[in-house]
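Heads up: the structure comes next, in C-alpha cells.
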C-alpha cells in the first residue's frame, strides 16, 4: 500500500500540472470505492483546481469556482486514497486507456486525470471546505512536522508496542509497514518494545530515524515493490535501500545476522535480532517469548 513517501511523490507530480486547470467533465467506470459518485460528477465540472496537498496517505485536490464565481458555490476537497494498487496519472485524453481505469477527470487543456486501480481497495470522496477540519481531525500528527518533544510525549506515554504506534494513523499520519520497519532498524529498536518503556534517548533516536527514512524515501521517489508508480507512471527506487523490509532470512547489512520476521499488531515485522535486541527485563522476556511464538506461525 502506498505510504507517505509514495503519496508525497504523487502529490508533487500532480502539483506541477493540475493547479490552474479547470475540470471539464467527470466520467466513471466502476464506483464501488467512490462515495456518492453522482455528486462528484455533477459538482466538479466547471470547477477550478486550486491546489494539491497530502493528508497522511490521502491526496487532497482542492477545487473552487472559476473566473466568475457564484457566491453560492462552495469550495471542495476531492479526497483520494490509493488503497493497495491505485494509480493517479495525468495524460493526454487521446492516449490508450489501461485496463482497470475507473475514473476520468477531463481537463480544459486536452489532458485527463485518470485513476486506475486493479483491486479497488482505494477510496474517493468529496468533502466541502466546511467539513475539511473534521476530516483532518481523525488523522494523527504529520511525521515530518512533529517536534521531538511532542513525539516523545506521544510515544513515551503509551503502553502499546512501538511498531503498533508507528502504524496507528491516529498517532502519526502516513507511516505504514515499510517505513515503520525501516525506521525501527535505523533507531536500533525491536518492534515489540513498549512505548512507555523506551528511554528519552531511544525516543529521540526513533524520531530522528522516522524523519530521515521518510526524507530519503521521498528523495528517491518512494518504494516500488508492486504496483506503485508516480503521477507520470515512473517507478520509485527506495526499495533498493531497504535494510530489513521483506528481507527475512537475508544477512543484515550491519552485522550479517539473519533478518527475522514476526507478527506485531497483526502485521509482518522485519528486524535484525542482533541490531534490534529485546531487553532482558522480566516484562519484555514475556514479549520475547511471544515473538518466538509468532515466528513459528
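Is there a residue in the stretch 163-183 that is over 21 Å from residue 6 (Cβ atoms), touching a strand residue (DSSP E or B) at 6+ places or on another chain (Cβ under 9 Å), in contact (Cβ under 8 Å) with a residue 40 or more places away in the chain and surrounded by 16 or more Cβ atoms within 10 Å (Cβ to Cβ)? The answer is yes; a qualifying residue exists.
Could you tell me which residue of the stretch 96-110 is nearest to residue 126 (Cα to Cα), considering only residues that are surrounded by fewer than 16 Cβ atoms within 10 Å (Cβ to Cβ) and in contact with a strand residue (DSSP E or B) (Cβ under 6 Å, 6 or more places away or on another chain)? Steps first, answer last, please.
At the first step, the residues of the stretch 96-110 found to be surrounded by fewer than 16 Cβ atoms within 10 Å (Cβ to Cβ) are 96-99, 108-110.
With the extra rule that they be in contact with a strand residue (DSSP E or B) (Cβ under 6 Å, 6 or more places away or on another chain), the set shrinks to 98, 108.
Details: 98: 25, 108: 21 Å.
Per the criteria, the residue is 108.
Residue-wise test of (1) within 21 Å of the chain's Cα centre (by Cα); (2) in the same structural domain as residue 193 (by TED's automatic domain parsing); (3) exposed (fewer than 15 other Cβ atoms within 10 Å of the Cβ); (4) over 19 Å from residue 6 (Cβ atoms).
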position	(1), (2), (3), (4)
86	yes, no, no, no
94	no, no, yes, yes
121	yes, no, yes, no
130	no, no, yes, yes
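The set of residues in the stretch 184-209 that are crowded, with 24+ Cβ neighbours inside 10 Å, touching a strand residue (DSSP E or B) at 6+ places or on another chain (Cβ under 8 Å) and part of a helix (DSSP H, G or I) comprises 184, 185. Within the stretch 235-254, not a single residue is within 22 Å of residue 153 (Cβ to Cβ), touching a helix residue (DSSP H, G or I) at 6+ places or on another chain (Cβ under 6 Å) and surrounded by fewer than 20 Cβ atoms within 10 Å (Cβ to Cβ).
Only one entry in 126, 204 is touching a residue at least 40 places away in the same chain (Cβ under 8 Å), more than 14 Å from the chain's Cα centre (by Cα) and under 30 Å from residue 75 (Cβ atoms), namely 126. Are any residues in the stretch 92-102 under 27 Å from residue 56 (Cα atoms) and free of Cβ contacts under 8 Å to residues at least 40 places away in the same chain, and if so, which ones? Selection gives 100 alone.
The values are calculated or read from the model by the stated rules, or taken from the named source; none is laboratory data. What you are looking at is a predicted structure, and each value in this text was computed from that prediction instead of being measured. Cβ coordinates were reconstructed from backbone atoms using ideal geometry, including for glycine residues, and neighbour counts include every protein chain displayed.
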